[in-house]
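Accompanying notes for the structure given below.
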């Protein structure tokens with residue numbers, strides 16, 4: 001069976017500094033646990049949108065999400081569309097500004113968040 005590379009080996013192979021071997025191994029284990037879980041595959045951007053929306057108490061506008069993540073509004077719109085199709089997000093018109101859309105939480109989305117946290121806690 002192949003042995004994982006040490007942080008020194010990663011450094012010598014890639015030339016990119018590795019902060020800490022423990023951090024790298026933890027991220028690898030979380031990613032493998034996620035891949036093996038029954039959760040649907042989300043892109044990194046979709047996961048970032050999910051986590052950002054669920055960190056805040058109130059629904060967020062697409063504009064705020066784009067600013068928080070440092071990406072354009074079209075990136076958020078595509079990500080939210082995919083997450084809404086999975087039942088993880090809702091989209092409603094902002095009652096204070098009919099031109100804006102609020103992105104909100106769902107029970108199914110909360111289940112994804114709870115399972116992701118459980119995976120993280122288990123490693």
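What the table shows:
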quantity	calculated
Which listed residue is outside any strand (DSSP E or B), out of contact with any helix residue (DSSP H, G or I) (no Cβ under 6 Å at 6 or more places or on another chain) and at pLDDT 95 or above, from 67, 118, 19	67
Number of the condition not met by residue 53 [criteria: (1) in the same structural domain as residue 85 (by TED's automatic domain parsing); (2) out of contact with any strand residue (DSSP E or B) (no Cβ under 7 Å at 6 or more places or on another chain)]	(2)
Failed item, numbered, when residue 53 is tested on (1) within 13 Å of the chain's Cα centre (by Cα); (2) farther than 21 Å from residue 114 by Cβ	(2)
Close pairs from segment 23-44: first free of Cβ contacts under 8 Å to residues at least 40 places away in the same chain, partner surrounded by 15 or more Cβ atoms within 10 Å (Cβ to Cβ) and part of a loop (DSSP other than H, G, I, E, B), Cβ under 6 Å, at least 6 apart	24/18
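The values are calculated or read from the model by the stated rules, or taken from the named source; none is laboratory data. A quick note: this is a predicted structure, and the numbers were derived from the prediction, not measured. Methodologically, a virtual Cβ is constructed for each residue, glycine included, from the backbone with ideal geometry; neighbour enumeration extends over all protein chains shown.
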